[in-house]
There are 2 protein chains.
Amino acid sequence: MGIGKNIQRVDARAKVTGQAKYTQDLMTQPMMVAKVVHSTIANGVVTGFDLDEALKVPGVIKIVTCFDVPEIDFCTPGHPWSVEAAHQDVQDRRLLNQRVRYYGDDVAAVIAEDEIAAVKAARLVKVHYEEYPALVDVADAMAEGAVAMHDNVPDNILKHTSFALGDESFDEAVKEKGLILVDQTYDTQRVQHCHIELPVSFAYQDGNGKITVTTSTQIPHIVRRVIGQALGIPWGQVRVIKPYIGGGFGNKQDVLYEPLNAFLSLQVGGRPVKLELTREETFADTRVRHAIRFHMQGAVRPDGTLVARRVEAFSNQGGYASHGHAIVANASNMIKQLYRDEKALESESYTVYTSTVAGGAMRGYGIPQGDFAAECLMDDLATAIHMDPLAFRLKNCMEEGYKDPHNGITFYSYGLKKCIEAGKEAVHWDEKRAAYACQTGSRRRGIGMAIFCYKTGVYPISLETATCRMVLNQDGSIQLMMGATEIGQGADTVFTQMAAEVLGVTEDKVYIVSTQDTDVTPFDTGAYASRQSYVSGKAVKKTAEMMKEKILEYAAWKLKMDQQTLDIRNNMIVTAEGEELLTMEALATEALYSLERSVHITAEATSHCKENTFASGACFAEVEVDMPLGKVNVLKIINVHDSGILMNPKLAEAQVHGGMSMGLGYGLSEELMYDAKGKPLNNNLLDYKLPTAMDTPELNVEFIELQDPTGPFGNKALGEPPAIPVAPAIRNAVLQATGIGFNQLPMEPQRLVAAFKEKGLI
Amino acid sequence: MGIGKNIQRVDARAKVTGQAKYTQDLMTQPMMVAKVVHSTIANGVVTGFDLDEALKVPGVIKIVTCFDVPEIDFCTPGHPWSVEAAHQDVQDRRLLNQRVRYYGDDVAAVIAEDEIAAVKAARLVKVHYEEYPALVDVADAMAEGAVAMHDNVPDNILKHTSFALGDESFDEAVKEKGLILVDQTYDTQRVQHCHIELPVSFAYQDGNGKITVTTSTQIPHIVRRVIGQALGIPWGQVRVIKPYIGGGFGNKQDVLYEPLNAFLSLQVGGRPVKLELTREETFADTRVRHAIRFHMQGAVRPDGTLVARRVEAFSNQGGYASHGHAIVANASNMIKQLYRDEKALESESYTVYTSTVAGGAMRGYGIPQGDFAAECLMDDLATAIHMDPLAFRLKNCMEEGYKDPHNGITFYSYGLKKCIEAGKEAVHWDEKRAAYACQTGSRRRGIGMAIFCYKTGVYPISLETATCRMVLNQDGSIQLMMGATEIGQGADTVFTQMAAEVLGVTEDKVYIVSTQDTDVTPFDTGAYASRQSYVSGKAVKKTAEMMKEKILEYAAWKLKMDQQTLDIRNNMIVTAEGEELLTMEALATEALYSLERSVHITAEATSHCKENTFASGACFAEVEVDMPLGKVNVLKIINVHDSGILMNPKLAEAQVHGGMSMGLGYGLSEELMYDAKGKPLNNNLLDYKLPTAMDTPELNVEFIELQDPTGPFGNKALGEPPAIPVAPAIRNAVLQATGIGFNQLPMEPQRLVAAFKEKGLI
C-alpha cells in the first residue's frame, strides 16, 4: 500500500462518468445571473453611465456601477496574507473600477433573472469615458510623459530590483582577454492558461448570515480572506466552497470575480447569484502569463567556462499588480540558480504597469520566461564557441549542495546532470547532433535541449503552512480532509496514498474529501508553487502519524497490550511480528460504541514548513523545419525530470504530458495579441492558437528518482516544471536546423518565414 | 456573553427571510423522482406484479419491486449501534417488503424523470397478494390463532417484561384493612407527529463512489450506518447530509426512506434521485405514537398514603419493531419513578405486533402515555378518598435524592414540589377547586393538574456519546461543529451560547455549522431523548475548554507571558486582572500567518456521558366543558418546569409552548384511526384534527431553576417534557367539572357527548 504505486486516480471513475460535481453542477434553482460590463477603452476614467435602455430589458433586477461599490482597494493574488504591511500584496483595485486600466476593466454589473436578460442589458449599458492613450508595451509605459496607471506609481514601474554576485562587476569581468561575448534580447509573449472550465461562481447569504461563495478556485481560504477584505466585512462572515475544478494553471490562483459575486448577491438580499465568464472574457479580463523582455549578455571562455552574465528583465504587468514583481524576480533568481558564473552575475528586473490585462500566476510562475532567456543564451554562447551545447551545460550547471546566497535554500538532492545524461542517451544526442550538423534544402532537422531548475513551494519568500484532519469512520475507514486542493493534478490521489502509507491501511479505506469548505476544512493556502505534495504532504504525514498513535492507543487499551508492541498493517491491528489481532473495522466500531470508553478518533495537525528544495530537469527536442511553410514539426520530444521519489509514477507521467503540451503551445503557436489601442485581437479559441491533439507529437517522459531528504516522502516539485524547458529546447533545435536563433516567442510560421526570407534561406 | 441570556436564535433571520436551506432547497437540476408503491392490504404476502401499464408511462425510467432488493433485514430506529448482538435493534424489514405488514407497506418503487410520471406509474403498478386477516388491535394480535406478523415471533408479542418492587406482592399489599382500591383501564390513542416538512431526501453517487444522501433527519450518523447495513455496503461508503429540517418530533429519529432512496439512485447508475413523501404517506407509512392500553390498579389509605400499584401495559407496535419495547418500558419506568408505593409496585409490559403502521419515537417516548395512565389513576384515587389531588400528589411524589433501583440514576436536583407549589399559586388552585366543587348546568368548569418526571438522555440504558470540533477562523471568530442536530428546537443557538460562555467571546463571534455532513462532522447520535443540551453540551464545554487552552498557549508564546496569567474576555486576550493585551483577531491572524510559528488552532473532543438526571414539572388546566356540545374549552393552562438552569429562557419558553400545543391535540382531538380491515381512515390534515392556532388558548410557562450538579451548565432535559402532562391535566379538570373521568384519549366531542348521555347529564 501507499506511495510509489500506480493506483488509479481516486476521482477517475467520477470524472469519466460525470458524477464529479463542479461548481455548475451544484447550482440550485432558481438562481439569478450576473454579467459584468467591461470597459471598451484601455486607459481612462468612467465619467458616467446611461442605464435607461439596459434597465428596460425584461428580467433585469439591478445594475450596479463603479460608483456604487465600497471605496476599498484590495489585492487579488493567492498569497498567504502577511501580518507585516510591507509584505502585503498591492491593493490597487476595487470591485468595479472607475479608473479604467485595460480594455475590459470591470465598470458595472447587471443582475437579471436569466442569462439572456443579463447579457442583453450588459450590452445596453452606455458608459461615458475620458480616454487616455493606451500603453500596450513596457516601452510605452516607461516613456517620458506616459500617463500613470496608478497615482502612487508615477513612472509606472511597480517595482525594480537588482542583485549582483561575484567578486567583480560584469563590466570588469568581461575585460578578460579572449572571452567570447553574446548580447541578445529574448522576448516572451503574453499567453493565457486556457483551462477548460471558465471562471464561475455562485454566491448567496447563508442561514447564519454568512456570504457563501462556491467557486472554481485553487485557493479557497485565500478567496475567503480577499472577499472579506474587498467587501470590508469580517473574514469569518465569508464561506468559500471549492468543488472539483476544470483546470486553473495559476489563473485561479487570483481572486478574480468572487468578491464581486459576493457583493452582487448582497445587493439583492443575499439571494443566489451566478457569475460565469465567457471564454472571451477569460482571455481579456482575467490573468495572463507575463510577457517579459530579457536583455541578456554572456561571456564565455573558449574552453566553455561561463565567466559572467548580465540580465535585464522588463515584465509587462498590465493594469493591476496582481502577483506583480514576484514573477520576474522568480525568473531572475532561476537564471542565477541554473549556472555558475565564474566571475560575475548582474541582474536588474523591472515590473511595469501597462494598460493591458494583468499578468498573474501561470504554471511556472516566471520560470518559463526566465528559462527561455537563460537557455537561448546558453545555446547562443555554445554556438559562438562551437561547443556542444549539452557539454557546455554539463560544464557550467549547478550541482547538488549548491546553496542560494539570497534565500539560503540548498540543493539537497539534485539530479540535473543525471537528467541530462538520461535524455542524451534517449535521443541519441551525439549521433543526431552530428547528423544534423550541416543541412540544406527546404526541410531541415535539428536537435536541441534546455535544462531548468525549480524550487518547491515558496519558503522562505513567503509562508508555507498546511493543515490536515483525519476522522475514523464507523467502519474503520478514514476520512481525509485537506486544506490543499485538487485542481486536476492528482493531489487527492497522492494525499490518499500518503495517508494509506503512514496509517498502514489500503487506499480504498481512505476517503479524501475533495471539496474544500472554509467553514470546516483545515487551513491551507491552496494549490500553487508545486507545493502540495511537498508542503501539504508533510501535514498528511504528521497527521497520519498522530492518527495512528491514537488508534494504537485505543487498541492497546482494548486489547490490554503495550501500545509499543502494536502496529497497523493491511487494515489490521497487528503485533510487531505481524500477528493479526483486530480489524480496523472492529476497532472503530468499538471505539465509537463502547459503553466503557466511547471516543470518536480524529487527528488534526498543522505543518509549518521551513524547508525547501529544488527540482530540475531537461527537455530534448528533435525537429524538422519546413522552411517555406515556416512550420516546425516536432519529431521527438522527451522531458527528463528530477522530482525526487514519485508518489504515483503514472500520475507523474500524466502531469508531465500536460506540461509538455503547454510548453509546445508556448514555443510554437500561442500569443494573446493587442492592437495599438490596447484592444485584445484574438481573445477566443479560434484565433488564439492553442495546440490541439493533432498538433501534439508523442510525449516521452523519464524520471531520475532521488530521495530528497527534505520531502515528506523523498518527493519534490513536479506540478509546474514540465512546462518550463520545452520552448527553449525547441528553439535550440530550430537553431541547429536552420542556423537561426529565434529570440521571440512563439516561433510561428509568419515569424519564421520572415526570418528565413531575410536571411535568404528561402 | 454566554448562557442564561435571551439571545436571538442564530437562525432566526435565515428562517424568516427564507435564506435557511432545507433539503428541497439543495436539490440541483436535473433530478429524477421516485415514488413508492404501497400495499393496499394490511396483512399478507405479495405474490406478483404486473408492471406493463406502469412501464408504458412516458418518463418512467425503472421500476424496482420487493423481488429485486437485497435479502438483508435491517432495523430503522435511531439508537446508537450496539457491539453486542443482544442489544441491537430488531432487524425485521427490507428495502421493499414481500411480506406485507400494514396497509401502506412498501412493495415497489418507480423512478421517473418527473413527479407526474412517477405518481402516474406508481398508481398503475398492479400488485397481486395473498391476504391475511388484519390485526388492528393488540387484542386481535394476541388472540389464539392470529397470524404471526413475523415468523420468529409466533405469538406476536415482540417483548414482555415485568418488574416488582416492595417487600410484598401487590395482592398481599392490598389485603391491608381499610384500603381504598381503584381499578381502571386507560387508553391512549395512535397520533402522528405532523412535522411541517414531510420526509424528503435525495441521493446520488459522489465523486469518490460514495452514495450521498441529503435528508431531513434528526440522526445523520445513524442514517449513515443504517443505509450501510440495509444495502450491505461498508458504512464508510455512505455520506449523509442533514440541512435545516422542518420538524421531526421523533418521526425523523427513524431511518425511514433514506436506505431505499440510496438503493434507487444506485439502480440508475448513481444519478440524483429524489424521494419525498406526501402528507398521506407520512401518516400511513412512517411512524406514530404507540397506542398503549394501561390496566392500572391502585390502593390507598384514607389518609392519602399510596400503598400499592399494579400496572399492565399493552403497546400496539404495528407491523415493524422500530423503537419497539423501549417505548412502553420507558412509560412503565416513569410510573415507578413518579411516586413512592409504600408496599408494592408491580409492572407488566407487553409490546405486540399488529398489522398497522409501526409505532416509533415521538416527543416523550412513551412518557405521555404512561403519564396519562399514572395521573388519571392518581386523580381517581384522590377522588375515591375525597382528598385534594394536589395534596395527594405532594404527599406521595418522589423527592430529590431518589435513586432508581433499576438503572441507578439519582434525582440529583428535583424541583417537582416547587413546580407544584408555583403552579398552585399561579392558578389559584385552592380557590378554584373550591369554587368548582359542585356544579350543575350545561357549562361546567373544573381545574385539574398532572405531574411528570423525565430522564435526560438515555444513559445507562444506551450509549451517550457526543463530539464537538472548533476551528479558529482567520479573523478570530470560531467555527463550531456539532454532530448534534438542530431540528427546530434551538440547539444551534444554545450550543453557540455555551461555546461563547466557555471561550470568553461574544456569541456573534461563534459561527455554528448547522448542517451535519457525516464526511466531516464529528460523531454524535443525534437529536432525541432531550439529550443535546445535556449530553452534547458536555462535548461543547470540554472542547471549548481545550480550545481556550490552545488559544492561550499561543497567546502566551506570542506575548512571552505565563499562560496561567492569561484569560479571554469579550474577544480579547486579557490578564487575570482584565488588562487587554491582544484581540482574538490579531491572535488568529498571527497564529495562521506567523513566519515563525504558523498553526491552525482547532480542538476536537468526545464526551462520553455516564451520568443522567431527571427533569420534572407539572401542568395545571382550567376548563369549561360545554356538555351538550361535548366541547372542552381550556380557559387557562400553565406548565411549570424543572429543567435545571435555562440556557436561553425565551427559547425555553418557546419550547414549552410547542410541547403544550402538542399536548392539547393529544388530549382533545388527535387520533389516527383505522377501519377493521386495517386501512387508515383519516391520514390527512383535513380529517385528522390537529389543533390550529384558533384552538389554542394562551400558553403560560413558569420555570423553577435549580442547578443540576451533573448538567454541563446546571441544565437538564427540556425538549420533550412540555408535551407530557397536558392531556392528563385536562382530563383531571374535566373530571372535576363533570364528575366523569375520561379514560380514553382523545376527549373529543363524540366521546364526551356519549358519556354525558349515558350518565344522564345531558
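The values are calculated or read from the model by the stated rules, or taken from the named source; none is laboratory data. Computed from a predicted model, the values in this text were never measured in an experiment. Cβ coordinates were reconstructed from backbone atoms using ideal geometry, including for glycine residues, and neighbour counts include every protein chain displayed. Heavy atoms of the whole protein, side chains included, go into the accessibility calculation; ligands, DNA and RNA do not. Shrake-Rupley method; radii C 1.70, N 1.55, O 1.52, S 1.80 Å.
Quick check on A:Ala717: is it surrounded by fewer than 24 Cβ atoms within 10 Å (Cβ to Cβ) and either outside the structural domain of A:Tyr528 (by TED's automatic domain parsing) or assigned to a strand (DSSP E or B) (or both)?
no
Take the residues in region A:376-421 that are touching a residue at least 60 places away in the same chain (Cβ under 8 Å) and charged (D, E, K, R), then tell me which one is surrounded by the most Cβ atoms within 10 Å (Cβ to Cβ).
Residue satisfying both the conditions and the ranking: A:Asp379.
Please specify each residue of region A:422-470 satisfying the condition of being charged (D, E, K, R) and surrounded by fewer than 24 Cβ atoms within 10 Å (Cβ to Cβ).
Matches in region A:422-470: A:Lys424, A:Glu425, A:Asp430, A:Glu431, A:Lys432, A:Arg433, A:Arg443, A:Arg444, A:Arg445.
So which pairs qualify, if the first residue must be in region B:248-268 and without any contact (Cβ under 8 Å) to a residue 60 or more places away in the chain, the second must be hydroxyl-bearing (Ser, Thr, Tyr) and open to solvent by less than 10 Å² (accessible area, probe 1.4 Å), the Cβ gap must be under 9 Å, and the two must be at least 6 apart or on different chains?
B:Glu258/B:Ser201; B:Glu258/B:Thr215; B:Glu258/B:Thr217; B:Ala262/B:Ser201; B:Ala262/B:Thr212
Which condition does B:Ala14 not pass, out of (1) buried (at least 20 other Cβ atoms within 10 Å of the Cβ); (2) in a loop (DSSP other than H, G, I, E, B); (3) out of contact with any strand residue (DSSP E or B) (no Cβ under 6 Å at 6 or more places or on another chain), if it passes all the others?
(2)
Residues being buried (at least 22 other Cβ atoms within 10 Å of the Cβ) and farther than 13 Å from A:Gly441 by Cβ: count how many of those fall in region A:623-639.
The total comes to 6.
For region A:435-492, which positions are away from every other protein chain (no Cβ under 13 Å), part of a loop (DSSP other than H, G, I, E, B) and among the aromatic types (Phe, Trp, Tyr)?
The answer is A:Tyr436, and nothing else.
Kindly provide the set of residues from region B:599-622 that are surrounded by fewer than 23 Cβ atoms within 10 Å (Cβ to Cβ), hydrophobic (A, V, I, L, M, F, W, C) and touching a Lys or Arg at 6+ places or on another chain (Cβ under 7 Å), ordered by number.
B:Ile601, B:Ala603
Can you tell which of A:Gly48, A:Gly78 is touching a His at 6+ places or on another chain (Cβ under 6 Å), open to solvent by less than 70 Å² (accessible area, probe 1.4 Å) and either modelled with pLDDT of 95 or more or away from chain B (no Cβ under 13 Å) (or both)?
A:Gly48
Could you give every pair whose Cβ atoms fall below 6 Å, whose first residue belongs to region A:627-640 and is assigned to a loop (DSSP other than H, G, I, E, B), and whose second residue is among the small types (Gly, Ala, Ser), counting only separations of at least 6 or pairs across chains?
Every condition considered, the pairs that remain are A:Met627/A:Ser442; A:Pro628/A:Ser442.
Given the criterion more than 23 Å from the chain's Cα centre (by Cα), of a type in the set (Lys, Arg) and open to solvent by 50 Å² or more (accessible area, probe 1.4 Å), identify the matching residue among A:Lys650, A:Lys677.
Selected residue: A:Lys677, the only one of A:Lys650, A:Lys677 that is more than 23 Å from the chain's Cα centre (by Cα), of a type in the set (Lys, Arg) and open to solvent by 50 Å² or more (accessible area, probe 1.4 Å).
Just give me the residues in region B:18-45 being closer than 24 Å to A:Met27 by Cα, open to solvent by 10 Å² or more (accessible area, probe 1.4 Å) and of a type in the set (A, V, I, L, M), in sequence order.
Across region B:18-45, the qualifying residues are B:Leu26, B:Met27, B:Met31, B:Met32, B:Val33.
If B:Glu596 satisfies every condition in (1) open to solvent by 10 Å² or more (accessible area, probe 1.4 Å); (2) in the same structural domain as B:Ile447 (by TED's automatic domain parsing) but one, which is the exception?
So B:Glu596 meets the others, but not (2).
Where in region B:160-252 are there strands (runs of 3 or more DSSP E), lying fully within it, with 3 or more residues that are outside the structural domain of B:Met673 (by TED's automatic domain parsing) and touching a Lys or Arg at 6+ places or on another chain (Cβ under 6 Å)?
Because the criterion is at least 3 residues that are outside the structural domain of B:Met673 (by TED's automatic domain parsing) and touching a Lys or Arg at 6+ places or on another chain (Cβ under 6 Å), the strands (runs of 3 or more DSSP E) in region B:160-252 that meet it are B:238-242.
Filtering region A:557-585 down to residues that are closer than 16 Å to A:Leu503 by Cβ and assigned to a helix (DSSP H, G or I), which residue is least open to solvent (accessible area, probe 1.4 Å)?
Among residues in region A:557-585 that are closer than 16 Å to A:Leu503 by Cβ and assigned to a helix (DSSP H, G or I), the one least open to solvent (accessible area, probe 1.4 Å) is A:Met584.
Which of the residues belonging to region A:591-632 are within 14 Å of chain B (Cβ to nearest Cβ) and more than 31 Å from the chain's Cα centre (by Cα)?
Answer for region A:591-632, where residues must be within 14 Å of chain B (Cβ to nearest Cβ) and more than 31 Å from the chain's Cα centre (by Cα): A:Ala591, A:Leu592, A:Tyr593, A:Ser594, A:Leu595, A:Glu596, A:Arg597, A:Ser598, A:Val599, A:His600, A:Ile601, A:Thr602.
With (1) surrounded by 24 or more Cβ atoms within 10 Å (Cβ to Cβ); (2) closer than 22 Å to B:Thr28 by Cα; (3) within 14 Å of chain B (Cβ to nearest Cβ) as the list, and A:Ser216 as the residue in question, which single condition is left unmet?
With respect to (1) surrounded by 24 or more Cβ atoms within 10 Å (Cβ to Cβ); (2) closer than 22 Å to B:Thr28 by Cα; (3) within 14 Å of chain B (Cβ to nearest Cβ), A:Ser216 is out only on (3).
Looking at B:Gln229, B:Gln337, B:Gln267, which is the one that is within 28 Å of B:Arg99 (Cβ to Cβ), more than 14 Å from chain A (Cβ to nearest Cβ) and polar (S, T, N, Q)?
None of the other options fit; the residue is B:Gln267.
Going through region A:21-43 one residue at a time, which ones are hydrophobic (A, V, I, L, M, F, W, C), more than 11 Å from every other protein chain (Cβ to nearest Cβ) and not in a loop (DSSP other than H, G, I, E, B)?
Hits for region A:21-43 are A:Met32, A:Val33, A:Ala34, A:Val36, A:Val37.
Given the criterion over 15 Å from the mean Cα position of the chain (by Cα), at pLDDT 95 or above and within 30 Å of A:His295 (Cβ to Cβ), identify the matching residue among A:Tyr244, A:Tyr186, A:Tyr257, A:Tyr204.
The unique qualifying residue is A:Tyr186.
Among the residues that make up region B:540-550, is at least one of them within 14 Å of chain A (Cβ to nearest Cβ) and more than 19 Å from B:Asn473 (Cα to Cα)?
Within region B:540-550 (the criterion being within 14 Å of chain A (Cβ to nearest Cβ) and more than 19 Å from B:Asn473 (Cα to Cα)), the answer is yes, since at least one residue qualifies.
Got a sec? Which of B:Leu231, B:Leu179, B:Leu277 is among the aliphatic types (A, V, I, L, M) and surrounded by 21 or more Cβ atoms within 10 Å (Cβ to Cβ)?
Being among the aliphatic types (A, V, I, L, M) and surrounded by 21 or more Cβ atoms within 10 Å (Cβ to Cβ) holds for just one of B:Leu231, B:Leu179, B:Leu277, which is B:Leu231.
Might you let me know whether region A:81-91 holds any residue that is small (Gly, Ala, Ser), open to solvent by less than 30 Å² (accessible area, probe 1.4 Å), in a loop (DSSP other than H, G, I, E, B) and modelled with pLDDT under 95?
Checked against the condition, which is being small (Gly, Ala, Ser), open to solvent by less than 30 Å² (accessible area, probe 1.4 Å), in a loop (DSSP other than H, G, I, E, B) and modelled with pLDDT under 95, region A:81-91 yields at least one hit.
Name the single residue that is most open to solvent (accessible area, probe 1.4 Å) among those in region A:737-751 being in a helix (DSSP H, G or I) and farther than 20 Å from A:Thr383 by Cα.
A:Gln750
Within region A:1-20, how many residues are within 13 Å of chain B (Cβ to nearest Cβ) and among the small types (Gly, Ala, Ser)?
4
With in contact with a helix residue (DSSP H, G or I) (Cβ under 6 Å, 6 or more places away or on another chain), outside any strand (DSSP E or B) and more than 30 Å from A:Gly269 (Cβ to Cβ) as the only criterion, which of A:Leu95, A:Leu135 stands out?
Every option except A:Leu135 fails the conditions.
Let's see how each residue does on (1) open to solvent by less than 10 Å² (accessible area, probe 1.4 Å); (2) under 20 Å from A:Pro460 (Cβ atoms):
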site: A:Gln489; (1), (2): no, no
site: A:Val502; (1), (2): no, no
site: A:Ser514; (1), (2): no, no
site: A:Asp519; (1), (2): yes, no
site: A:Phe523; (1), (2): yes, yes
site: A:Ala529; (1), (2): no, yes
